[in-house]
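Below: one structure, written as structure tokens.
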Amino acid sequence: MSYEELLTQTALSDDRFIVMTAENRALVRNIPGKLGNRFIDTGITEQTMIGAAAGLALRGRIPVVHALASFLTMRAFEFVRTDAGIPNLPVKLSSFIPGFLSDGNGPTHQAVEDIALMRGIPNMTVFAPADEQDLVEMLPQIWNCPNPSYIRINTRKTDYQHSPFEWGKAEVISKGTDVTILTYGLLFEQALIVKEILKNEGLSVGLVNLRSLKPVDEQAILTATQSSNLTVTLEDHFLTGGLYSIVAEVLLKHSVTAKVLPFALNEKWFKPSLLPNVLQHEGFTGKQIAEKILGYTTRSVQPEISIPQFSE
Amino acid sequence: MQSVTTHIPGLEATALKVREHIIKMSTGGGCFVGASLSAADLIVYLYSEFLNINKNNLDSPDRDYLFLSKGHDVPALYGTFAELGLLEKSRLKNHLSTADHIYWHPNTHIPGIEFHSGSLGHLPSVAIGVAMDIKIRGGKNKVICIIGDGELNEGTCWEAVLVANAYKLDNLIFVIDRNQFQANMATEDLIPLEPLHDKFTAFGAAVKRINGHSFEALHKAFSAYPFQEGKLNVVIADTVRGKGLPSIERRADRWFCNFNAQEVEDLLKELHGETITQLTSETLVVR
């Protein structure tokens, strides 16, 4: 099932749902005709859309709002924090083309601090699915939770069959004693490749799909860091405030230490280009990550990375 | 008023070349071709005839400024820069390459770009800051900010008009590329903007509404700068999204296009008056 199919089905069967967009219709192309006046397009007005979503939520609705990740989290930040966060209203933020998915748009469109911003808001819940199946698996619980929620939308397809989503729990793909990779979102695709390459080099490799970043699965992080010689955090986000920071906070909270190698954007935006070129240029292909972990080059072949269906 | 009539053939030839550059950038990942084509004549006119900006004065505090706030029409700007010698033509082939800085929105790695953009409704206020400083220093520079009509949805555009009016910024010109469309649909079908002239007038601006594809009309309007002492200048340039290519003109579904090589070849012929192109590439209508 696709994101749009699930949203359509959910909204048609439960009239608390209102679908909103700040003229970003890529994810809701066919919904206007089906939902009538419960579809609201406010035009290019991210702040007003969030304020209006809060008003609708005040009246018992569950607004599912759509905009590009950078504008939803940054332009409308204070509206999200003040109008949805302070009153703890169930405004559901569907954040389009986050992280590397903004490919050729440039830094204005790069939401690579969204996790840091959103998890800093009291009451807010934060999710980052690995692919479309993972997204659809997670959404019913997210949409029905009483809090505001931030969803880092990722509708890419992978062959991986995800396990059912449990609230606040990570998905443990494999356990390993040499290296464990913690990741979320788009880079799950590359993490699967890293895992294969490292296994072929004889390492015991763990892989965890975090899924939920707030609430975060502290036990999964503690288990991974304490059972592996090396923990790798892999994310298309700034080093500050994302998964690397979350892991550091969890370790400090439980008074434990671990050797952690982060893959993230350190004090820089990424080079705008089509997604496969972005990953190659920034050193985020599975092969590049694996070889950085190993400290040597291998004969492994990087599988082709598909170009996003929607470029902008 | 100076006559621009003798310059018009040259401007038209330049604009045609700029449109060729835009079409050539609409493949291999694509670009915002429709909005670029609507702004092309405007940008060619401003850099060729009105603004004191050239490759030798880019570092001069006395040069004029142009801020491209709508941002996604940057292929028109790069095409103009290439034709006017601000940018090597060969670099246009680097569109979307990690080896250069030519991508879907403007950035200051390209000489002549004053400020990055892409997030709508930012540069009207940046332009205000520059215009304020010019006033403080007693300068004569002109400051232009090109704003999309869809962009006028963003509240910051209207805050900027209020502030420009309060500070009597008659050295600032907001140019609205009124191509009647935002990403997915006609502006009047979503968040109506009309009567736009009256709105700006009510906010205290001196407004001219013209045909944004007529060099004569552009020249007549800009020659009257400053329109009125102590007032923000606003030019509403009525344009056609996709101008020059009948196969995509005024089509809501031709927003961001990634054409194949054959389509690019056919569109270049269409631009020069030959048959209408049969487009088969998937239409991408997302913002």
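The values are calculated or read from the model by the stated rules, or taken from the named source; none is laboratory data. Remember, it's a predicted structure, so these values are computed and weren't measured experimentally. Methodologically, a virtual Cβ is constructed for each residue, glycine included, from the backbone with ideal geometry; neighbour enumeration extends over all protein chains shown.
In table form, for the structure just shown:
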{"quantity": "Checklist (1) over 20 Å from the mean Cα position of the chain (by Cα); (2) part of a helix (DSSP H, G or I) applied to A:Val80, failing item", "calculated": "(1)"}
{"quantity": "When residues of segment B:158-180 are limited to those that are part of a loop (DSSP other than H, G, I, E, B) and crowded, with 16+ Cβ neighbours inside 10 Å, the one farthest from the other protein chains (Cβ to nearest Cβ)", "calculated": "B:Asp170"}
{"quantity": "Sole exception among (1) without any contact (Cβ under 8 Å) to a residue 40 or more places away in the chain; (2) not in a loop (DSSP other than H, G, I, E, B) for A:Ile50, by number", "calculated": "(1)"}
{"quantity": "Matching residues, segment A:144-192, being of a type in the set (Lys, Arg) and exposed (fewer than 15 other Cβ atoms within 10 Å of the Cβ)", "calculated": "A:Lys157"}
{"quantity": "Flag for B:Glu216 being in contact (Cβ under 8 Å) with a residue 60 or more places away in the chain, in a helix (DSSP H, G or I), touching a Ser or Thr at 6+ places or on another chain (Cβ under 8 Å) and surrounded by fewer than 20 Cβ atoms within 10 Å (Cβ to Cβ)", "calculated": "yes"}
{"quantity": "Residue list for segment A:28-47, filter: in a helix (DSSP H, G or I) and not basic (Lys, Arg)", "calculated": "A:Ile31, A:Pro32, A:Gly33, A:Leu35, A:Gly36, A:Asn37, A:Glu46, A:Gln47"}
{"quantity": "Which numbered condition A:Asp134 fails, given (1) more than 14 Å from chain B (Cβ to nearest Cβ); (2) closer than 20 Å to A:Ala54 by Cα; (3) buried (at least 24 other Cβ atoms within 10 Å of the Cβ)", "calculated": "(2)"}
{"quantity": "Conditions (1) in contact with a Leu (Cβ under 7 Å, 6 or more places away or on another chain); (2) more than 19 Å from B:Arg250 (Cβ to Cβ): number failed by B:Ile22", "calculated": "(2)"}
{"quantity": "Check on B:Thr80, surrounded by fewer than 24 Cβ atoms within 10 Å (Cβ to Cβ) and of a type in the set (S, T, N, Q)", "calculated": "no"}
{"quantity": "Of all residues making up segment A:197-235, the number that are in contact with a helix residue (DSSP H, G or I) (Cβ under 9 Å, 6 or more places away or on another chain) and on the phi > 0 side of the Ramachandran plot", "calculated": "1"}
{"quantity": "Condition met for A:Phe127 (surrounded by 24 or more Cβ atoms within 10 Å (Cβ to Cβ), more than 21 Å from A:Arg25 (Cβ to Cβ) and modelled with pLDDT of 95 or more)", "calculated": "yes"}
{"quantity": "Failed item in (1) on the phi > 0 side of the Ramachandran plot; (2) away from chain B (no Cβ under 13 Å); (3) not charged (D, E, K, R), with A:Leu58 passing the rest", "calculated": "(1)"}
{"quantity": "A:Glu249 vs. criteria touching a residue at least 12 places away in the same chain (Cβ under 8 Å) and over 18 Å from the mean Cα position of the chain (by Cα)", "calculated": "no"}
{"quantity": "Members of segment B:121-155 that are part of a helix (DSSP H, G or I), at the interface with chain A (Cβ under 9 Å from one of its Cβ atoms) and closer than 24 Å to B:Phe227 by Cα", "calculated": "B:Glu151, B:Leu152"}
{"quantity": "Residue ID - surrounded by the fewest Cβ atoms within 10 Å (Cβ to Cβ), chosen from residues in segment A:33-55 that are at the interface with chain B (Cβ under 10 Å from one of its Cβ atoms) and at negative phi", "calculated": "A:Thr48"}
{"quantity": "Number of positions in segment B:181-204 that are surrounded by fewer than 24 Cβ atoms within 10 Å (Cβ to Cβ), assigned to a loop (DSSP other than H, G, I, E, B) and either of a type in the set (Val, Ile, Thr) or touching a helix residue (DSSP H, G or I) at 6+ places or on another chain (Cβ under 6 Å) (or both)", "calculated": "4"}
{"quantity": "Every residue from segment B:54-92 that is in contact with a helix residue (DSSP H, G or I) (Cβ under 8 Å, 6 or more places away or on another chain), in a loop (DSSP other than H, G, I, E, B) and of a type in the set (S, T, N, Q)", "calculated": "B:Ser69"}
{"quantity": "Qualifying residues in segment B:252-278 (those that are more than 22 Å from B:His95 (Cα to Cα) and surrounded by 18 or more Cβ atoms within 10 Å (Cβ to Cβ)) - the one modelled with the lowest pLDDT", "calculated": "B:Thr277"}
{"quantity": "The one condition in (1) surrounded by fewer than 23 Cβ atoms within 10 Å (Cβ to Cβ); (2) in contact (Cβ under 8 Å) with a residue 12 or more places away in the chain; (3) closer than 23 Å to A:Glu23 by Cα that A:Thr82 fails to fulfil", "calculated": "(2)"}
{"quantity": "Residue selected from segment B:107-120 under the condition touching a helix residue (DSSP H, G or I) at 6+ places or on another chain (Cβ under 7 Å) and within 8 Å of chain A (Cβ to nearest Cβ), by the criterion surrounded by the fewest Cβ atoms within 10 Å (Cβ to Cβ)", "calculated": "B:His116"}
{"quantity": "Residues satisfying the stated conditions in segment B:11-54, i.e. within 14 Å of another protein chain (Cβ to nearest Cβ) and aliphatic (A, V, I, L, M)", "calculated": "B:Met25, B:Val33, B:Ala35"}
{"quantity": "Residue selected from segment A:23-36 under the condition more than 20 Å from the chain's Cα centre (by Cα) and touching a residue at least 12 places away in the same chain (Cβ under 8 Å), by the criterion nearest to B:Glu154 (Cα to Cα)", "calculated": "A:Glu23"}
{"quantity": "Single match in A:Glu249, A:Glu218, A:Glu235 (criterion: buried (at least 23 other Cβ atoms within 10 Å of the Cβ), within 28 Å of A:Met124 (Cα to Cα) and acidic (Asp, Glu))", "calculated": "A:Glu235"}
{"quantity": "Flag if A:Pro272 is of a type outside the set (Asp, Glu) and closer than 28 Å to A:Pro148 by Cα", "calculated": "no"}
